[in-house]
Structures are given as C-alpha cells and as structure tokens.
1. Those residues that are of a type in the set (S, T, N, Q), open to solvent by 10 Å² or more (accessible area, probe 1.4 Å) and within 12 Å of residue 206 (Cβ to Cβ), I need them from the stretch 358-380; list them, please.
2. Determine whether the stretch 225-247 contains at least one residue that is basic (Lys, Arg) and under 19 Å from the mean Cα position of the chain (by Cα).
3. Just wondering, is there one or more residues in the stretch 106-118 that are under 30 Å from residue 80 (Cβ atoms), hydrophobic (A, V, I, L, M, F, W, C), touching a residue at least 24 places away in the same chain (Cβ under 8 Å) and surrounded by 20 or more Cβ atoms within 10 Å (Cβ to Cβ)?
4. Show the residue pairs meeting these rules: Cβ distance below 9 Å; 6+ apart or different chains; first residue within the stretch 33-54 and under 13 Å from residue 391 (Cα atoms); second residue open to solvent by 80 Å² or more (accessible area, probe 1.4 Å).
5. What about residue 352, is it under 23 Å from the mean Cα position of the chain (by Cα), hydrophobic (A, V, I, L, M, F, W, C), at pLDDT 85 or above and farther than 19 Å from residue 223 by Cβ?
6. Check off (1) over 27 Å from residue 381 (Cα atoms); (2) at pLDDT 90 or above; (3) loosely packed, with under 15 Cβ neighbours inside 10 Å for residue 183 and give me the number that stays unchecked.
7. Which is on the phi < 0 side of the Ramachandran plot and either among the basic types (Lys, Arg) or in contact (Cβ under 8 Å) with a residue 12 or more places away in the chain (or both), of 130, 160, 194?
Amino acid sequence: MNRQTTPTDWEGATMQKRIAGRYAAERRFKLMGLGAVLLSGAFLAFLLFVMVGNGARGFTYTHVSVPVDFKAMPLTIDTARLGDADADQVIANAGLADIVAFAADEALGSDGSKLISENAWKEVRSAIKADPELLKSKTMFELPASSEVDIAAKEGAKGALGAKVDALEKDGKLSTGIHWPFFKNADATDPAVAGIWGALKGSVLTIFIAFLIAFPTGVLAALYLEEYAAKNRWTDLIEVSINNLAAVPSIIFGLLALAVFINWFGLCQASPLVGGLTLALMTMPVIVIASRNAIKSVPPSIRDAALGVGASPVQVVFHHVLPLALPGILTGTIIGMARALGETAPLLLVGMRAFIGDVPGGICSPSTVLPMQIFLWSDEVDRGFVEKTSAAIIVLLIVLLSMNAFAIYLRNKFEKRW
C-alpha cells in the first residue's frame with residue numbers, strides 16, 4: 001500500500017516567513033552591534049576632543065620680554081662659586097629676585113613685576129649659571145608671565161589687565177610657545193614652573209618595581225597550578241582565592257600595604273618602592289589568571305610531542321609551553337600594568353598624595369604618580385592649573401594608549417594559530 005505524501009512545511013509560506021524572520025533578526029543584531037561600536041567610538045572621540053581642547057593650551061605658556069641690565073644693577077657674587085652645589089642659594093641671597101622685579105617695573109611700567117611669574121627670576125638664575133658673562137652686560141630675557149597674564153593672553157580679558165596685555169602684544173613683548181618646564185620640572189605652587197616630570201618619573205619607577213615583582217611571581221604561580229599542582233581541594237581553594245583577589249577593591253590593597261610594608265616592615269613611606277609593592281599585590285592575581293588562560297591555550301599535542309622526543313617535564317614547560325603561551329601572558333601583564341598605572345586609591349594610603357616639589361632620585365625618595373598629580377592639580381584654586389590638569393591627563397592617556405598598543409603588537413608578533 002503506497003503511503004500518500006503531503007507537501008512539507010519547508011515548502012509552505014509559514015516556513016518562508018520564519019526564515020525571513022530569522023534573517024531580519026540577524027540583520028537587527030548586526031545593526032545593534034555596529035551601533036554599539038559607533039557609540040563607543042563617539043564617546044571616545046568626544047573624550048579626546050574635550051581633553052585635547054582643554055589641555056592643548058597647557059603645553060604652551062606666555063612669556064614677557066624683559067631687559068635686565070647688570071651693569072646698572074650689579075649682582076655682587078663670586079663667579080667662581082657658580083659651579084658649587086649651593087650656587088642657587090648664593091645667587092638667591094645676592095638679591096637676584098629684587099633685580100629682576102625692578103627691571104620688570106622699568107620695562108613694563110608700574111607694577112610690571114606683577115605681570116611676570118614670582119619665580120621668573122629663576123630663569124635668569126639658570127641663564128647666569130650657564131653663562132656668567134651675562135653679569136657684565138644688558139640682556140633681554142624671555143620670562144614666564146604670571147598666571148593671570150597667561151590666561152588673558154590665551155583667552156582674552158577685559159579691564160585694566162586686558163588693556164595691558166593688548167598693549168604688550170602690540171609692542172611685541174609677549175610671546176607664546178611650548179612650555180618646556182612642564183616636561184622638565186616637578187610640582188610647584190606656581191603654574192608657570194609646575195611640571196609633570198617628577199610625577200612621571202615616579203610613575204615609571206613605581207610600575208617598574210611592580211612589574212619586577214608581579215610578573216615572575218604571577219607567571220611561575222600559573223605554571224605551577226597548570227603544569228605541576230595536583231587537582232584537589234587545596235588547588236581548588238587556591239584558584240577560588242586568586243579569582244576573588246582579582247575582584248577585591250584596590251583600596252583594600254592600600255590598607256594592606258599600610259599595615260604590612262609601612263607599619264610592620266618600616267619601609268620608606270610615599271616612595272616608589274612601597275607604591276610598587278602595593279601595585280604588585282593588586283596586579284598579581286590578574287597576571288596569574290591571564291597566564292593560566294594562555295598556558296591552557298597551548299595544545300596538548302605540543303606537550304605530547306616534546307615528551308615523545310625525550311624532553312623532560314621541565315624542558316617541556318620552559319622550552320615549549322612557556323614560549324608559546326608568552327604572547328598571551330605579556331598581553332595580560334601589560335594590560336594589568338596599564339590598569340595599575342591609573343590607580344590612585346591604594347597609593348593614597350601609602351602617602352603618595354603629598355606635595356612633592358623635587359624629582360625623585362631613587363626608589364626610596366619621596367614621590368607621587370601621574371594620576372595623583374592630576375588629582376592634586378584639579379583641587380588647586382589658581383586657574384592656571386586648569387590647563388595643566390588637562391595637559392597631564394593627555395600625557396597619561398598617551399602613556400596608557402602606548403602600553404595597550406604595545407600589548408597588541410606583542411600579541412600579533414608572537415601569536416601562533418593552530
């Protein structure tokens with residue numbers, strides 16, 4: 001008896017409608033993904049536009065031309081002492097600040113000394129140390145303007161100050177150029193001489209110490225857990241603990257560092273050493289997790305082939321598994337270090353919030369870091385620090401983007417596809 005067949009639902013309008021619905025859903029999903037990417041890019045572009053717009057002027061500064069005649073106003077010092085360690089104090093005690101202020105009043109009119117920075121005389125001091133012959137002649141110096149004059153020259157101002165700035169610009173006595181002290185100096189109370197080099201060097205030393213401690217410890221811990229440790233309750237407990245540590249708020253590590261490194265061990269407070277140890281504790285769980293995932297991604301056939309040709313277990317790990325997992329390990333490490341570079345909360349508790357007017361000379365010198373410097377400048381009353389804050393944020397973003405770009409480069413260069 002022949003079975004009578006009927007047209008299947010695949011040939012009917014209902015199935016065609018379902019297929020069309022699936023295609024439409026897929027198109028909507030793609031559009032949603034594209035929209036999310038475009039929205040993220042728009043937010044990033046807006047952030048960069050605002051930061052660059054506000055901070056670009058922070059890389060420049062206004063200078064005032066002031067002639068200083070040392071023949072009419074002699075600076076009585078022994079030029080043989082200009083090479084001594086206390087030369088700065090010798091020049092300051094000789095009254096250079098008063099001479100520069102008098103020269104500004106003579107050249108710029110009454111209260112002309114208020115148009116230049118209170119630390120402008122230090123520029124003259126540096127020039128004298130470089131060339132003592134200036135003490136015998138009249139020299140035109142380009143001195144940093146006061147914060148009010150700098151803002152007025154860049155943004156415009158009304159009233160007596162605006163008129164004075166306009167007059168100086170017409171006379172060619174004002175000039176705006178790259179503010180090199182911003183890249184060479186440490187923090188200061190005067191925005192004309194405040195710079196980021198002290199904080200940037202402190203960040204580099206802190207991250208370097210954190211890397212030296214967290215990277216080898218994290219990688220070796222990951223190798224042990226993946227290649228040697230037995231699978232039992234203890235290793236399960238360790239894995240759970242590492243995952244939990246990666247999610248602990250960063251300020252908790254600051255409390256731990258304060259109790260252990262400073263109160264118990266008595267290490268140097270507010271130094272890159274303590275800051276690096278703190279960030280190493282915070283970053284190590286992230287490195288362990290990233291390293292374990294990278295080691296797991298190495299195919300078991302690599303291990304079997306190495307053992308098959310006579311390699312020892314240690315040689316398998318260090319000659320085959322580790323080199324193949326290294327791209328993922330380095331990528332996770334650099335991303336973890338980039339996150340640590342932007343941290344402020346744990347460093348607040350180890351004393352790296354203080355005003356540091358000198359560039360750190362070593363890992364135990366008092367120091368601060370770039371995110372903390374940005375925080376301190378954002379709390380200043382002087383409007384001149386507003387531009388400095390945005391400019392420092394741009395520098396921090398450049399450093400972070402560079403680290404992430406380096407991580408992508410390492411991944412693409414060493415990555416193996418199976």
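The values are calculated or read from the model by the stated rules, or taken from the named source; none is laboratory data. Because the structure is predicted, anything quoted here is derived from the model rather than measured. Positions of Cβ are generated from backbone atoms using ideal geometry, with glycine treated the same way; all protein chains shown enter the neighbour counts. Calculation scope for accessible area: heavy atoms of the full protein, side chains included, ligands and nucleic acids excluded. Shrake-Rupley method; radii C 1.70, N 1.55, O 1.52, S 1.80 Å.
1. Answer for the stretch 358-380, where residues must be of a type in the set (S, T, N, Q), open to solvent by 10 Å² or more (accessible area, probe 1.4 Å) and within 12 Å of residue 206 (Cβ to Cβ): just 365.
2. no
3. yes
4. 54/386
5. On the way: under 23 Å from the mean Cα position of the chain (by Cα): yes; hydrophobic (A, V, I, L, M, F, W, C): yes; at pLDDT 85 or above: no; farther than 19 Å from residue 223 by Cβ: yes.
Taking the combined requirement at face value, the residue does not satisfy it.
6. (1)
7. 194
Conditions (1) of a type in the set (Val, Ile, Thr); (2) part of a helix (DSSP H, G or I); (3) open to solvent by 40 Å² or more (accessible area, probe 1.4 Å), marked per residue:
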| position | (1), (2), (3) |
| --- | --- |
| 230 | no, no, yes |
| 251 | yes, yes, yes |
| 280 | no, yes, no |
| 288 | yes, yes, no |
